[in-house]
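The values are calculated or read from the model by the stated rules, or taken from the named source; none is laboratory data. Given the structure is predicted, the values throughout are model-derived calculations rather than measurements. Ideal geometry is used to build each Cβ from the backbone, glycine not excepted, and the neighbour counts take in all protein chains shown. When the accessible area is computed, the model is the full protein with side chains, heavy atoms only, and any ligands, DNA or RNA have been set aside. Shrake-Rupley method; radii C 1.70, N 1.55, O 1.52, S 1.80 Å.
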Protein chains: 2
Amino acid sequence: MKRVTLLDVAKHAGVSRATASLVVRDSPLVGAATRAKVEAAMAELGYVYNLGAARMRAARSRTVGVIIPNLTNPFFAVLLAGIESILETAGLAVILANSNENAAKQDGFVNRMREHGVDGLIVCPAEGTERRFVDDAGKWGVPLVQTLRMVPETASDYAGMDPTPGMREAVDCLVGFGHRRIGYVATDTHHSARTERLESFHAAMNAANLAPLFVRPLESTHMSARMAAPELMSRPARPTAIICHNDVLGLGLHRGLCDLGVMPGRDVSLVGFDNVAEADLVMPGLASVATEPFVVGENAARLLLRRMDAPDGQIASSIEETYFVQRGSCGPVRMAAGTVPA
Amino acid sequence: MKRVTLLDVAKHAGVSRATASLVVRDSPLVGAATRAKVEAAMAELGYVYNLGAARMRAARSRTVGVIIPNLTNPFFAVLLAGIESILETAGLAVILANSNENAAKQDGFVNRMREHGVDGLIVCPAEGTERRFVDDAGKWGVPLVQTLRMVPETASDYAGMDPTPGMREAVDCLVGFGHRRIGYVATDTHHSARTERLESFHAAMNAANLAPLFVRPLESTHMSARMAAPELMSRPARPTAIICHNDVLGLGLHRGLCDLGVMPGRDVSLVGFDNVAEADLVMPGLASVATEPFVVGENAARLLLRRMDAPDGQIASSIEETYFVQRGSCGPVRMAAGTVPA
DNA sequence: GTAATCATTTAGATCGATCTAAACGCACAG
DNA sequence: CTGTGCGTTTAGATCGATCTAAATGATTAC
């Protein structure tokens, strides 16, 4: 029992192989009667289209490579879900790879994907990705969309978000509550998203005529933030409010503060970033700057589709706005409980 | 500027196309000197292997299809990460699809993956998947591994976990704390994982000579569990402990109880399932039955590799144990605060 | 010196689709 | 009746690898 090929279908339907090929490709050239005959034959024989063979002759493989730095972070998982939903609708299969923030591994994946003949690439670049990475894709003629992070000094389509408005609202809210000693907890990995958020923090502080109390880099895990809480709170100039680069850090710190008996929103105000589902579950709720990773993913996929359509079109980008979601973890500054006077 | 083919490489290295082909496939038949020459030529010309062409002649496509019911659930995302890590090491690319718990969509994906000529399939079957689904895969000769869920009355390799020991420990812990009125919150989707956990709950209760106080199905979201808290606590026979089918429900309920001023671990004991990272962040920590989705994913991938190696080998399965992680959300039963005497 | 063995290498057919360019059938104008 | 145009269909070459089976050359055996 051999594989059913297009030739078998053609014979069974009494047409030529070429005609059968036109039918599977939904060509308008073929007559309605013939199409019906061929489709019947396909159903009867249980024909399965062979994309591998197709891709050899045609250029397209109906396949897109997606490289994500860390699948276990729900934020990226949701981004991926957004990407997948759009590509799926467009009839494109997603070839997935997890770079684990490893640029070398990422290079390997791109090679593998070239071997697979992907029609395009969506990448959230791992830390330390070099310019060459993006340039090469251009040289090879593989449409590339960067998402959430952008390799410095590179030009490609980009789907991301703008932390500025949300950060501004967050700082304004804190300032409105009387906070003046505001610290920032960053990640210890360096990429454009880190820079972007940190810069928007500086800008917002500037606009409020304040200087950041500190910028503290931490490994982006719940545990490291939780462990860092005592150190952050025992500084000589104790912060009255802290903004975190993401909710992983925000939630970890939330718990770390609770461990110390320091109540977020009462004893110190706390703001996260990403507004993950869990931010609304802790007590008090973690205020957070909201972004929609699913939508960013959709945008990235749409940019890629456009690029595949017009490889030489103008470079485009799509930036999602952010906004501040206030919850119990932000409250008025308290002079009383053990705080150092301003 | 045309694509570099194996023939170009062969010419450049002064060997035949066949020899070059042997080199790219790491065949032991080729001499060391020749191999070096060819590899140099490949590097020099910037040759990229064309998997599409290869797969046409050979059987393999170095590609595996993975279908997950819901990417936005971190539990599945981690499962996927585990699968990816093993397949990646084996040099297999992952073609990803998100069924969204939709069996019809899932059928579509399998077709698409057949078109792509995947060498195997790892599926966590969507709710309502029919027997036919698994049988078809067998008929088509596509190696299939089911994971976390198993379509009833089907035979295939399977990587899952056994809730029994963890559930037993959880119930024993609660009973040890004096609890006798124990309720269970299930999902409203029906699949083998739901049944398995519910049955292990019944078994554990039975072993403790207790009857379940109630079994309440809920949509598997934080919000639905949070909203259900008042109803659960205002029942005529008020539970002193509740076990939840997963941590999404557990965390949602945790928050819902806090909203009511009912303190988990003091006023009511609460147990979740999956032990997601966030279970340790809420206050008090959510006790949970732990499973390692990453490991289950790895197991699934390894089973598939074995199956691809030996298509006619014995059907195998790999079951991860579970264990109970006690945290603040479980504590001694309190007769005082508004509880109905046993 | 010839034959047999072994490790390498190769020519040519082949996988299953798509492409190109030409052919076909039919209608209609001249 | 021939020629032109249009919508449909087709033969045959082609994509880039792998397979089979045979050829090659070096080494050892007799």
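So here's what we get for this one:
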item	result
Chain A - percent relative contact order, Cα under 8 Å, separation 6 or more	17 percent
Residues of segment A:110-132 buried by at least 30 Å² on assembly (accessible area, 1.4 Å probe, chain alone as reference)	A:Arg112, A:Arg114, A:Glu115, A:His116
Antiparallel content of DSSP bridges confined to the protein assembly as shown, in %, to 5	10 percent
Segment A:129-170 - percent relative contact order, Cα under 8 Å, separation 6 or more	34 percent
Dipole-positive endmost among A:Met223, A:Ala207, A:Gly166 within segment A:162-291 (Cβ charges, Cα centre)	A:Ala207
In Hz, Karplus ³J(HN,Hα) per residue of segment A:43-53 (6.51, -1.76, 1.60; θ = phi - 60°; x = Gly, Pro)	4, 5, 8, x, 5, 10, 4, 9, 5, x, 5
Whether the protein assembly as shown is rounded, prolate or oblate, judged on the alpha carbon gyration tensor where a/c under 1.5 counts as rounded	oblate
Lys, Arg +1 and Asp, Glu -1 on Cβ, resulting dipole of chain A about Cα centre, debye, nearest 20	640 debye
Principal axis dimensions, largest first and in whole angstrom, of segment A:6-49 by Cα	23, 18, 15
Sequence-distant residues sharing a close amide H with B:Cys330 (under 5 Å, placed H)	B:Leu270, B:Ala287
For chain B, built as a Gaussian network whose Cα springs stay under 10 Å, the top-fluctuating residue of B:Val94, B:Val30, B:Val262	B:Val30
Check: segment A:233-342 dipole with +1 on Lys, Arg Cβ and -1 on Asp, Glu Cβ, in debye	520 debye
Alpha carbon convex hull of chain A, projected area averaged over orientations, nm²	21.4 nm²
Heavy-atom surface of chain B, accessible at 1.4 Å and reported per residue (Å²)	41 Å²
Accessible area buried, both sides summed, chains B and A with 1.4 Å probe, Å²	4400 Å²
Cα convex hull of segment B:281-320, projected area averaged across orientations, nm²	3.4 nm²
Top of A:Asp312, A:Asp162, A:Asp188 by mean-square fluctuation, Gaussian network on chain A, Cα under 10 Å	A:Asp312
Convex hull projection area averaged over all views, segment B:162-291, Cα basis, nm²	6.9 nm²
Peptide-level mean, for B:82-88, of C-beta atoms on other protein chains within 10 Å	3
Counting DSSP beta bridges with both ends in chain A, the antiparallel % (nearest 5)	5 percent
Convex hull per residue volume in Å³, alpha carbons only, for segment B:230-320	112 Å³
Paired Rg and Dmax values of segment A:1-87, which use every Cα atom, in angstrom	18.3, 55
Local electrostatic count at A:His12 - Lys and Arg +1, Asp and Glu -1, tallied over other residues with Cβ under 13 Å	0
Peptide A:270-277, shielding by other chains (average Cβ, 10 Å cutoff)	1
Contact order relative to length of segment A:162-291, as percent, for alpha carbon pairs under 8 angstrom and 6 or more apart	25 percent
Accessible-area composition of chain B, carbon plus sulfur, in percent [1.4 Å probe]	54 percent
Principal-axis tilt of helix A:222-233 within chain A, Cα atoms, nearest 10 degrees	20 degrees
Karplus-derived 3J(HN,Hα), 6.51/-1.76/1.60, for each residue of segment B:236-246, Hz, glycine and proline x	x, 9, 6, x, 9, 8, 9, 10, 10, 4, 8
Tail beyond 16 Å, pair distance distribution of segment A:74-163 (Cα, percent)	54 percent
Mean residue ellipticity (222 nm) of chain A, computed from DSSP H runs ≥ 4 via -39,500 (n - 2.57), nearest 500	-13500 deg cm²/dmol
Shielding by partners - mean other protein chain Cβ count within 10 Å, residues of A:283-290	1
Interchain or long-range residues, amide H under 5 Å from A:Val48's placed H	A:Val4
Two-decimal ratio, segment A:49-91, of alpha-carbon radius of gyration to 2.2 N^0.38 Å	1.50
